[in-house]
Amino acid sequence: MISLAYGALWLFIFAVPWENMIVIPGVGTISKLLGIVALGCALLAAVLSGRLRRWRLFHLAALLFVMWTGWNTYQGGIVKVGDALGTLNKFKTYVQLFVVLWITWELAPTLRRQIGLLLAYLAGAYVAALNTVLVYRSHAAVFRRFSAEGFDPNDLAMTLALALPIAWYLRMTYRQPLLRWLCRGFLPLGLVAIGLSGSRGGLVAAVVGLTIVPLTMSKLSPGKIVAAIVLLMASGAIAIASIPHSTLQRLSTTKAEMEGGDLNGRLEIWKAGIEALLQRPVAGYGTGGFDRAVRPFLGAGRAAHNSYLAVVVEQGLVGFLLFATMFLAVVPRVMKLPSLERRFGLVLLATVMTAMLPLSWDNQKTAWVIPALLVGLAEATVQLRAGMAAQPAPARGATPVIRRPPPRARATTGSPPPGTPAATPGHDA
């Protein structure tokens, strides 16, 4: 039953990067349906096993944050605001996101399964990137910015930027040639799709994500370093050659917008948000309240376009402290990892936190799933290393047992979904 539940979770993570491409009437996105299935399987597995894993600070902070948003939903939303539907929907989304954290933690306790979930996200990013290229080929004469069907270009770019360090890490972890080439292949494809989106914020997030390459060069042999440099240069050249000139011009203004521009109107919204926060700093304006908080200053309600500002304005300093604790709690877990995994974890966390700067991602699946995967990866790796260290040393005079590298994975009946690594943590394949 646990294997079946993990399979449902794998499919859910796989669907997250392209969820908006398929919307089921009366249900929502495809990932929502798969999430419901995964939750049902997880609950049944927990009942049959009769045990639950012990939570970490990350999960506790997430639970307290959701509880605080629930209190603010009633205190600042339902009682005092007419827009009760939007307020309730956002609170329900927070509850669903916490359920995702719990499922990910409960169903993937081993390193093999955590690596499998990372592969699931990368496979889903492949779907979104390929669809973006198809949209470009179909509408190149009509649009200036392109994205997978149903996606906002900025959301898509950030989603794909998160897959870049995942692809590089899995490329260094897997021994299977096919999987390694699939991971390599996402680098040029992902950069092309991000470029086609015309998202300047996505470009910045992609740069942050690609810092995984120089940070892990020391783990490569000289020949592989040359191959990595060639791969990156080829990926960049392919992206530049594939992106329309008008889109490249837009991306070229990224530095100017960051240094002296208004960030496409975001600065005005952020200033209004700060002014609103100063009036109600402790408890905020209630869940979903950013729109009405800035209305007196802007003359109309606007989205925050900044996850952190949205949280602090809506939930106050108390809620923001809990939200920040949830993300900061990932850092000490990642710092316990071996060198390769530690650098990968820090880069991936920095990428998701960068992606949240220009977008209202505080209630988006991607922004919650990535930290959950990092916490699970850290816990599984630490437990694996502790188990290996606890193995008794051979007796004096005994013939030592030589542990050879495991053979390449072969398809077997009852094997877990794709994503089983053949390398141990920190191994440079």
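The calculated FRET efficiency for L178 paired with L130, based on their beta-carbon distance and R0 = 22 Å, is about 0.80. If you take all other residues with their beta carbon under 14 Å from the beta carbon of A276, and give Lys and Arg +1 and Asp and Glu -1, the sum is +1.
First select every other residue whose beta carbon is under 15 angstrom from the beta carbon of L321; then total the charges, Lys and Arg +1, Asp and Glu -1. Around L321, the charge tally is -2. Each of A206, L232, P244 was scored by the projection of its Cα onto the charge dipole of the range 123-253, and the greatest displacement toward the positive side belongs to L232; charges sit on the C-beta of Lys, Arg, Asp and Glu. Legend: distances between Cα atoms for K32/K219; K92/K336; K336/K365; pairs beyond 29 Å are K32/K219; K92/K336. With a ≥ b ≥ c taken as the square roots of the eigenvalues of the C-alpha gyration tensor of the range 174-214, please select rounded if a/c is under 1.5 and otherwise prolate if a/b is larger than b/c or oblate if it is not? Cα axes put the range 174-214 in the oblate bin.
How long are the semi-axes of the ellipsoid equivalent to the chain, from square roots of 5 times the Cα gyration tensor eigenvalues, in whole Å, largest first?
Semi-axes (√(5λ), whole Å): 36, 28, 20.
When only alpha carbons are used to place a centre, the range 1-16 and the range 350-369 end up 22 Å from one another. Considering only alpha-carbon pairs that sit under 8 angstrom and 6 or more positions apart, the relative contact order computed for the range 288-388 is 30 percent.
GNM on the chain, C-alpha springs below 10 Å: top fluctuator among T69, T29, T159? Judging by the Gaussian network model, the answer is T29. For the chain, the longest principal axis of the C-alpha atoms and the axis of helix 307-328 are separated by about 10°.
Compared with the dominant principal axis of the Cα atoms in the chain, helix 2-15 is inclined by about 50°. Each of I24 and L384 was given a label point 7 Å from its Cα along the Cα-to-Cβ line. The distance between the two points is 3.3 nm.
Specify the angular offset, from 0 to 90 degrees and rounded to the nearest 10, of the alpha carbon long axis of helix 84-107 from the longest principal axis of the alpha carbons in the chain. Computed tilt is about 10 degrees. The modelled label-to-label distance between I274 and V230, using points 7 Å beyond Cα along the C-beta direction, is 5.0 nm. Across the range 303-395 the C-alpha pair distances fall into 10 Å bins from zero in the proportions 16, 40, 25, 12, 5, 2, 0 percent. Let me test this: with uniform point scatterers at the alpha carbons of the range 148-240, what is the Debye-based log₁₀ I(q)/I(0) at q = 0.11, 0.20, 0.26 1/Å? Taking Cα atoms of the range 148-240 as identical point scatterers yields -0.30, -0.94, -1.40.
Take every Cα pair under 8 Å whose residues are at least 6 apart in sequence, average their separation, divide by the length of the chain, and the relative contact order is 23 percent.
Measuring between their Cα centroids, the range 225-250 and the range 21-40 lie 35 Å from each other.
Measuring nothing but how far apart in sequence close Cα pairs (under 8 Å, 6+ apart) lie, relative to its length, the range 1-52 scores a relative contact order of 45 percent. What shape does the range 1-52 have by the C-alpha gyration tensor, where a ≥ b ≥ c are the square roots of the eigenvalues, rounded means a/c under 1.5, and otherwise prolate means a/b greater than b/c and oblate the rest? The shape class here is prolate.
Calculate the length of the line joining the C-alpha centroid of the range 308-344 to that of the range 173-204, in whole Å. About 26 Å separates the Cα centre of the range 308-344 from the one of the range 173-204. GNM remark for the chain: springs join alpha carbons under 10 Å apart, and the peak mean-square fluctuation among V207, V334, V192 falls on V207.
Here, each number is a calculation from the coordinates, and none is a lab measurement. Keep in mind that what you see is a predicted model, and the values were worked out from it rather than measured. Neighbour counts are summed over all protein chains in view; Cβ atoms, including those assigned to glycine, are modelled from backbone coordinates with ideal geometry.
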